[in-house]
Ligand code: ACO
């Protein structure tokens, strides 16, 4: 038995949800480029869960359900108020999602019908939780979700208390579409491993949030913004990035395990970053990002991934940088739950083997004789 480090190239599941073939990403066979231009995030979530785009009445039904489920139990909000100042936003989200199970009477119901309902509940509640977390730590009261408005609109509204501009809603909707699913990425794999033991959907999503938090995965979008803040100006890009490359440090937001010729999502986020810069009359973040890309791609051949331009986009939408990864979770929960449903529809315990590389033939040594 020989292990493959990081399971690179290992096909670990069959799935009909999303595919990456020759660098093209599809959801249920539809090219992400088409969905990014034309679809609402709610249509995409429905597509991921049910394998087809919704009819108008199915979409209306989903919007109504999202509105019905979006409020979070008061006990959960009370819990958020008790978290220590400066709590990590992803640690808080992971804790809240775990606790949501305690207030859902059907949390342990493993029927498909109940699990589909819980997928919609989680999708509805995550934006409310993230916005409430952001407001409570600023000493403000959480804002109740609106009914009948898209998630992109509701999230920005709950975060700021103001009606968001149409252009901001459109941009955020596109970002949510682009992040919704991505085949067997680390967090989705974690979700599938968890529910394959026949554990519940809340456990699966809690595992996934834990996996997404790391800077090699979803945490990279926040790390990109930390880097942009540290660089501070277009003039400082070259010395900063050159020093990083000379030290052989990783530049966050570049590289990908699967895409070697570029992440198909990145171009949409780059275009969005440019448009938001033009609208805001401030191109600094976009110009810095382009210069970083020129240097990293030029010298290392590495292309930007989904996280790179999302950092400047989210900042220009007024979203605090430590909410970038929770925002990723708000989108990806659609994909996680679709994968959980798929895993449970034809389940088998996921239990690989390890290549043992430790010592052999050892014996128990009494404690007095140990050196
Ligand atoms: N900056 C500089 N060098 C890099 C980078 C980077 N961002 N990414 C990879 N490399 C280099 C590595 O140092 C390594 O070089 P070496 O062979 O000389 O040691 C080589 O490219 C291969 O890199 P690995 O880390 O082995 O590639 P792997 O497939 O394991 O990792 C990953 C992929 C984690 C995305 C990696 O490219 C990385 O760490 N990128 C930065 C973090 C990031 O942006 N993560 C988000 C990914 S997208 C997502 O999850 C949503």
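The values are calculated or read from the model by the stated rules, or taken from the named source; none is laboratory data. Just so it is clear, the structure is predicted and the values come from calculations on it, not from any experiment. Using ideal geometry, Cβ is built from the backbone for each residue, glycine included, and neighbour counts are taken over all protein chains shown.
Residues checked against (1) over 22 Å from the mean Cα position of the chain (by Cα); (2) in contact (Cβ under 8 Å) with a residue 12 or more places away in the chain; (3) assigned to a strand (DSSP E or B); (4) buried (at least 16 other Cβ atoms within 10 Å of the Cβ):
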| position | (1), (2), (3), (4) |
| --- | --- |
| 2 | yes, yes, no, no |
| 14 | no, no, no, no |
| 26 | no, no, yes, yes |
| 34 | no, no, no, no |
| 46 | no, yes, no, yes |
| 49 | no, yes, no, yes |
| 57 | yes, no, no, no |
| 61 | yes, no, no, no |
| 64 | yes, yes, no, no |
### Query
Of all residues in the range 228-241, which are part of a helix (DSSP H, G or I) and out of contact with any helix residue (DSSP H, G or I) (no Cβ under 8 Å at 6 or more places or on another chain)?
235, 236, 239
### Task
Determine whether residue 260 is out of contact with any helix residue (DSSP H, G or I) (no Cβ under 6 Å at 6 or more places or on another chain), within 16 Å of the ligand (Cβ to nearest atom) and within 17 Å of residue 228 (Cα to Cα).
no
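Would it be correct to say that residue 150 is more than 22 Å from residue 338 (Cα to Cα), away from the ligand (no atom under 16 Å from the Cβ), at pLDDT 95 or above and surrounded by fewer than 24 Cβ atoms within 10 Å (Cβ to Cβ)?
So residue 150 fails the test.
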### Message
Restricting to the range 177-186, name every residue that is within 14 Å of the ligand (Cβ to nearest atom) and either in contact (Cβ under 8 Å) with a residue 60 or more places away in the chain or in a helix (DSSP H, G or I) (or both).
### Response
178, 179, 180, 181, 182, 183, 184, 186
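How many residues, within the range 66-93, are over 20 Å from residue 334 (Cβ atoms) and part of a helix (DSSP H, G or I)? If you could, list the steps in order and put the result at the bottom.
In the first step, residues of the range 66-93 are kept if they are over 20 Å from residue 334 (Cβ atoms); the result is 73-88, 91-92.
Next, only the ones that are part of a helix (DSSP H, G or I) stay: 74-82, 91-92.
Total satisfying the criteria: 11.
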### Message
If I filter the range 225-234 for residues that are out of contact with any strand residue (DSSP E or B) (no Cβ under 6 Å at 6 or more places or on another chain), more than 15 Å from the ligand (Cβ to nearest atom) and not assigned by TED's automatic domain parsing to the domain that holds residue 306, do I get at least one hit?
### Response
no
### Task
Could you tell me whether residue 244 is outside the structural domain of residue 167 (by TED's automatic domain parsing), farther than 15 Å from residue 175 by Cβ and part of a loop (DSSP other than H, G, I, E, B)?
no
#### Entry: Condition met for residue 310 (within 14 Å of the ligand (Cβ to nearest atom) and assigned by TED's automatic domain parsing to the domain that holds residue 33)
no
